[in-house]
Amino acid sequence: MKDEDLQKLRCEIDSIDADLIALLNRRYKAVEAIGEYKRERHLPVYDPSRQRKLMERLQELNNGPMTADILNAIYREIMSGSHRLERPIRAAFLGPLGTFSHQATLEIFGNGADLAPEKTIPEVFRAIECDRADYGCVPIENSAEGVINYTLDWLVRSSVRITAEKYCRVHHSLMAKCKRNEIKRICSHPQVLGQCRGYLLENFPGIELVEMTSTAYAAERAAAEEFTATLGSPVASELYKLAILEENVEDSSFNTTRFLVIGNQTTSRSGDDKTSLCFVVKNRPGALYEALDPFRRAGLQMTMIESRPWQQQSGWEYCFFVDLLGHRDDPKVAEACADVEKLSAFFKILGSYPRMG
């Protein structure tokens, strides 16, 4: 390629950028009109069902070379800007800043949202109940560690609903202010150190490993302490001005955390949905089998079943949590849930929302 050819391509890009800016502003003018419509009718700004259908349509239109990941990242921020024009979203999450919950919240709502880190999972729920936040992002299960019991317990006792879900691959980065060969200690959360055990043994044998209460606090220490590195979410490198020395150092590339978006709204059908519910069976032989049988008869697929001690009773009773494919407004789901409720001492639909993989 000659210099003049390169210059022509750059001029073409400049022209395309001008068109993109004009088109984005045209889009945002339509967004402002939609925002006014929603405000007049007190409708929610965030619509997971609409976003799901939008992204499916855009993926069908995309013929490359832009990858699906790049398209998702671009439109996440376009949608985040749309929400901010309609009405800024305040999203609570399990803090502090720099954690994987922080990263998941950014992936869901984008940089246009006002983010509110909370100290505990119960405080994320309370933030929504007290109108300090519009939505919350909480972890529900991890492919390596299992379910998050605090989240299950608060889904039962709280009035909030599940409005969406998000699966996030857990990728750990080695970060520090020093060079790789200058590292004298590595600090992180015990789970992260465990998930990177093989990498640490191979690359840093005999080095001091320091357990911290969160990956964010570990990143803060690495930023302040000489010759100290940390393992954690790449988002922490931006917050604490750390250099990423190596990416994806986890031993398993399949480690995934599922997050729930919780709020006060009911999510409409998208056509590919999931419903979460919980129930307490009556204390008699075969009660659990009978309670699950309506789902079998309706041909509904369960994707999760977990149990927790029923904290509202003093005896040894259990609350069962079930995820199944379908929306609560689907006739089969509605009928099966009605049958389960009749057989239960306690029954609650926690929410229906678009299924994500």
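Readers should treat all values here as calculations from the given coordinates under stated rules, not as data from a laboratory. Everything numeric here is computed off the predicted structure, so don't read it as measured data. Neighbour counts are summed over all protein chains in view; Cβ atoms, including those assigned to glycine, are modelled from backbone coordinates with ideal geometry.
Structural remarks
- Full-extension gain in nm, M302 to R269, via 0.36 nm per residue minus C-alpha separation: 10.1 nm
- With contacts taken as Cα pairs under 8 Å and at least 6 residues apart, segment 273-354 reaches a relative contact order of 50 percent.
- About its Cα centre, the dipole of segment 273-354 is roughly 160 debye, where the only charges are +1 on Lys and Arg Cβ and -1 on Asp and Glu Cβ.
- Note on segment 273-354: dipole from Cβ charges, positive end direction compared against S344, G326, Q301; the farthest Cα belongs to S344.
- DSSP loop chymotrypsin sites (Phe, Trp or Tyr not before Pro) with at most 14 other Cβ within 10 Å excluded, longest remaining stretch of the chain: 1-226
- For H189, nonlocal amide neighbours, meaning residues 5 or more places apart or on other chains whose placed amide H falls under 5 Å from its own, are M212, T215.
- With R₀ fixed at 25 Å, the C-beta to C-beta distance from I70 to S15 puts the FRET efficiency at about 0.75.
- Only lysines eight or more places from K184 in sequence, or on another chain, were considered; those with a Cα closer than 27 Å are K241.
- Environment charge of L242, counting only residues whose C-beta is closer than 14 Å and scoring Lys/Arg +1, Asp/Glu -1: -2
- Applying D = kT/(6 pi eta Rh) to the chain, where Rh is the Kirkwood radius over alpha-carbon pairs, T corresponds to 25 °C and eta to 0.890 mPa s, the Stokes-Einstein value obtained is 107 µm²/s.
- Taking 0.36 nm per residue of separation and subtracting the Cα-Cα distance, full extension of the segment from L43 to Y318 would add 95.3 nm.
- Neighbour counts of other Cβ atoms within 10 Å put S237, S253 in the fewest-to-most order S253, S237.
- Applying a DSSP loop filter and a limit of 11 other Cβ atoms within 10 Å to the trypsin sites (Lys or Arg not before Pro) in segment 169-225 leaves K179.
- Dipole check for segment 196-271: with +1 at the C-beta of Lys and Arg, -1 at the C-beta of Asp and Glu, and the Cα centre as origin, the magnitude is about 560 Debye.
- Using every pair of distinct Cα positions in segment 273-354, the Kirkwood expression returns a hydrodynamic radius of 12.7 angstrom.
- Size of charge dipole - the chain - debye, nearest 20, with Cβ of Lys, Arg +1 and Asp, Glu -1, no other charges: 840 debye
- Under the Karplus curve 6.51 cos²θ - 1.76 cosθ + 1.60, θ = phi - 60°, whole-Hz ³J(HN,Hα) for segment 176-183, x wherever Gly or Pro sits: 6, 9, 9, 6, 4, 6, 9, 5
- The relative contact order of segment 1-97, computed from alpha carbon pairs under 8 Å that lie at least 6 residues apart in sequence, is 39 percent.
- Footprinting exposure proxy for R132, R27 (fewest neighbouring C-beta atoms within 10 Å first): R27, R132
- The label-point distance for E36 and L209, in a model that sets each label 7 Å from Cα toward Cβ, rounds to 6.0 nm.
- Here's the picture: a label point sits 7 Å out from the Cα of N248 along the beta-carbon direction, and within segment 133-167 nothing has its amide nitrogen under 14 Å of it.
- The ranking of T257, T99, T105, T266 by Cβ neighbour count inside 10 Å, starting from the fewest, reads T266, T257, T99, T105.
- Between the alpha-carbon centres of segment 145-163 and segment 187-240 there is a gap of 29 Å.
- Scattering profile of segment 173-246 at q = 0.25 Å⁻¹ [log10 I(q)/I(0), Debye over alpha-carbon scatterers]: -1.16
- Summed residue charge, Cβ within 9 Å of T275's Cβ, Lys/Arg positive, Asp/Glu negative: -1
- Inter-label distance, nm, simple model (7 Å from Cα along the C-beta direction), K166/A345: 3.8 nm
- Taking every alpha-carbon pair under 8 Å whose residues sit at least 6 apart, segment 173-246 reaches a relative contact order of 51 percent.
- Residue among L24, L209, L85 with the largest mean-square fluctuation in a Gaussian network model of the chain, springs linking Cα atoms under 10 Å: L24
- Distant-in-sequence amide H partners of T163 (H built 1.01 Å from N, under 5 Å): V261, I262, G263
- With 24 Å as the limit on Cα-Cα distance, the pairs of K38/K119; K29/K53; K119/K177 that go past it are K38/K119; K119/K177.
- L58 paired with S143, simple spin-label distance in nm, labels 7 Å along Cα-to-beta-carbon: 2.4 nm
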